[in-house]
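**Q** Below is one structure. I have some questions about it.
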Amino acid sequence: MYKSLLFSRRELLKVGTGLGVSSLFALSTVSAAPLRTQAHIVILGGGAAGMAMANRLAKRLQGGTITLVEPRETHHYQPGWTLVASGVWQPDKTMRPNAQFVPRGVEWVREYAASIDADNKRVALANGATLVYDYLVVATGIQLNYHLIEGMSPTLVGQHGIGSVYASLDGAIRTNQAIQTWLDHGQGKGIFTAAPTPVKCAGAPLKMTFTTLSRLEASGRRDAFDVEYMAPGTSLFSQPWVNEFVKQRFDEQGVTRRHHYRLSAIDPQAKQAEFTFIGPGSEFTSHHQLREAEFRREGQPTVVADYDFIHVVPPMSAHDFIKQSALIAQEGPFRGEWLDVDIYTMQHNRYPEVFGIGDVIGAPINKTAASVKAQAPVVEANLLAVMQGNPLPARHTGYTSCPMITGIGKAMLVEFGYEDNFAFMPSFPFIDPTDESWVTWVMKVTKSPVTIV
């Protein structure tokens, strides 16, 4: 049952488009004094995280040089790709020119980073140029490792019944088309997968399952479609109460759950998928790395399943040039796969002049746009403190949120952090985080598609 609200639709739309998790931040650039400097700050990556830092630092620093390394001319609002793949949003709603967001005074280098020499404070670019920095902000995002699934390539998305919301905006469009083709066929089997590594927007595989179920039910032929969800571990979501809700809802909606399986190979022509069993006690979770060699292990039990539609979620990691640098985690659960930072201060654990933000960091949660909004003021405050030789004043609580779409027309606003499942007061007091509601859905689908902190 949806709860009654003391808000008109017009007021609700204002809330949905005008507010966000930025209202939680205690640190702000509005009244902070500028810092005079001669330093060169390099920001790698111009997605939400990198662009947020470019804007914040441009306001706080006087003198010096800020260089933003970002090859793309277009900013993509990736949280909107699930809505594109579900047939709810038009693709152009997720795009804006990057030029709209690069602040005056920031040098924008339209090139890919190729390597980092952390000991000598140098970044090599793909065109052969080198940038020497005093301070470095790594905001490079995440690498999609489709190649770790034998036979799989992002070019296959939209063909042979294959979808993948992560591949690209074009991939989201083609995923929507693949789902519609399956629907038009009027019957058949759909398989939805999850990756055995940390992924950006961990709720996206679940959201795609729920929105597709809505489309199947709206067709009037739900019983003609088989739906399976293949999970690499016991849980479907990191927060226990959300995990239990999703399991119960899947069971109610006739989704067959198969746990401890990862997608290891795909045969597009035959429309068959191979799944490798990674049994209880050996599954990879958000706290464990999964290296390429481990994908190639022999002797593990496998099953082969036919499908009419399959949603592929690839393994993910930091980009190769980060993994090949001294900035990668050297030990612990993120060894060899993710940027080595203190998850509270965002400062690199071994190179104090380096900070990380966004999906690239090694952290148990935090690969969402909401996390970036919470991390940005922390990185700003702590970087400026390092520049002045002061103690680090700010700490990241691990705040993240996931508007968990549970069907077309309803969603839950899930918010949590490092310490416990309900570490925060709700951003919107009139929303029960444990309740599915049309309110949260409206806030999700009507919000501004590009937000730069």
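**Q** Can you confirm whether residue 113 is open to solvent by 30 Å² or more (accessible area, probe 1.4 Å) and small (Gly, Ala, Ser)?
**A** no
**Q** Which of the residues belonging to the stretch 305-359 are of a type in the set (Lys, Arg) and part of a loop (DSSP other than H, G, I, E, B)?
**A** As a first pass, look at the stretch 305-359 and keep what is of a type in the set (Lys, Arg): 323, 335, 350.
335, 350, listed by residue number.
**Q** Looking at 122, 60, 72, 56, which is the one that is open to solvent by 70 Å² or more (accessible area, probe 1.4 Å), basic (Lys, Arg), at pLDDT 95 or above and more than 20 Å from the chain's Cα centre (by Cα)?
**A** The unique qualifying residue is 122.
**Q** Can you tell me which residue among 226, 184 is assigned to a helix (DSSP H, G or I) and surrounded by fewer than 19 Cβ atoms within 10 Å (Cβ to Cβ)?
**A** On the way: 226 fails: assigned to a helix (DSSP H, G or I).
The unique qualifying residue is 184.
**Q** Now, a different point. From the residues in the stretch 421-442 that are at pLDDT below 70 and under 14 Å from residue 397 (Cβ atoms), which one is surrounded by the fewest Cβ atoms within 10 Å (Cβ to Cβ)?
**A** If we take residues in the stretch 421-442 being at pLDDT below 70 and under 14 Å from residue 397 (Cβ atoms), then 425 is surrounded by the fewest Cβ atoms within 10 Å (Cβ to Cβ).
**Q** Moving on to the next point. When you scan the stretch 132-154, do you find a residue that is more than 22 Å from the chain's Cα centre (by Cα), of a type in the set (Ser, Thr, Tyr) and over 21 Å from residue 408 (Cα atoms), even just one?
**A** yes
**Q** Still on this structure, I have one more. Give 308, 267, 320, 340 a once-over and let me know the one that is at pLDDT 95 or above and touching a Phe, Trp or Tyr at 6+ places or on another chain (Cβ under 6 Å).
**A** Sole residue among the options that is at pLDDT 95 or above and touching a Phe, Trp or Tyr at 6+ places or on another chain (Cβ under 6 Å): 308.
**Q** Any residue in the stretch 20-32 that is modelled with pLDDT of 50 or more and under 21 Å from the mean Cα position of the chain (by Cα)? Break it down into steps so the answer makes sense when it comes.
**A** Residues of the stretch 20-32 modelled with pLDDT of 50 or more: 31-32.
Still in the running and under 21 Å from the mean Cα position of the chain (by Cα): none.
The answer is no, given that none of the residues of the stretch 20-32 is modelled with pLDDT of 50 or more and under 21 Å from the mean Cα position of the chain (by Cα).
**Q** Do you know which residues across the stretch 229-242 are part of a helix (DSSP H, G or I) and open to solvent by 10 Å² or more (accessible area, probe 1.4 Å)?
**A** Correct list: 240, 241.
**Q** A further question follows. I'm trying to understand the selection: among the residues of the stretch 317-360, which are open to solvent by 30 Å² or more (accessible area, probe 1.4 Å) and of a type in the set (S, T, N, Q)?
**A** 324, 330, 347, 349
**Q** So residue 146 fits all but one of (1) open to solvent by 40 Å² or more (accessible area, probe 1.4 Å); (2) in contact with a Pro (Cβ under 7 Å, 6 or more places away or on another chain); what number is the exception?
**A** (1)
**Q** Sticking with this one: Mind checking which residues of the stretch 375-400 are open to solvent by less than 30 Å² (accessible area, probe 1.4 Å), among the aliphatic types (A, V, I, L, M) and either out of contact with any Leu (no Cβ under 8 Å at 6 or more places or on another chain) or modelled with pLDDT under 95 (or both)? First the steps, then the outcome.
**A** Keep residues of the stretch 375-400 that are open to solvent by less than 30 Å² (accessible area, probe 1.4 Å), which gives 375-385, 394, 396, 398-400.
If we keep only those that are among the aliphatic types (A, V, I, L, M) too, we end up with 376, 378-379, 381, 383-385, 394.
376, 379 - these are the residues of the stretch 375-400 that are open to solvent by less than 30 Å² (accessible area, probe 1.4 Å), among the aliphatic types (A, V, I, L, M) and either out of contact with any Leu (no Cβ under 8 Å at 6 or more places or on another chain) or modelled with pLDDT under 95 (or both).
**Q** Hey, any hits in the stretch 284-304 for a residue that's assigned to a loop (DSSP other than H, G, I, E, B), modelled with pLDDT of 95 or more and crowded, with 16+ Cβ neighbours inside 10 Å? It would help to see each step written out before you state the result.
**A** Restricting attention to the stretch 284-304, the residues satisfying the condition of being assigned to a loop (DSSP other than H, G, I, E, B) are 284-291, 296-301.
Adding the requirement that they be modelled with pLDDT of 95 or more leaves none.
So far as the stretch 284-304 goes, no, none of its residues is assigned to a loop (DSSP other than H, G, I, E, B), modelled with pLDDT of 95 or more and crowded, with 16+ Cβ neighbours inside 10 Å.
**Q** Consider residue 217 carefully, then state whether it is of a type in the set (D, E, K, R), outside any strand (DSSP E or B) and more than 26 Å from the chain's Cα centre (by Cα). Give the derivation first.
**A** Numbers: of a type in the set (D, E, K, R): yes; outside any strand (DSSP E or B): yes; more than 26 Å from the chain's Cα centre (by Cα): yes.
Considered against the rule, which asks whether it is of a type in the set (D, E, K, R), outside any strand (DSSP E or B) and more than 26 Å from the chain's Cα centre (by Cα), residue 217 comes out as yes.
**Q** Look at the stretch 168-181 and say how many of its residues are farther than 13 Å from residue 91 by Cβ and either open to solvent by less than 40 Å² (accessible area, probe 1.4 Å) or outside any helix (DSSP H, G or I) (or both). Quick ask: steps written out before the conclusion?
**A** At the first step, the residues of the stretch 168-181 found to be farther than 13 Å from residue 91 by Cβ are 178-181.
Within this subset, residues satisfying the condition of being either open to solvent by less than 40 Å² (accessible area, probe 1.4 Å) or outside any helix (DSSP H, G or I) (or both) are 178-179.
Result for the stretch 168-181: 2.
The values are calculated or read from the model by the stated rules, or taken from the named source; none is laboratory data. No experiment lies behind these values; they were computed from the predicted model shown. Every residue, glycine as well, gets a Cβ built from its backbone with ideal geometry; the counts of neighbours run over all protein chains shown. Please note that ligands, DNA and RNA were not included when accessible areas were found on the heavy atoms of the full protein model with its side chains. Shrake-Rupley method; radii C 1.70, N 1.55, O 1.52, S 1.80 Å.
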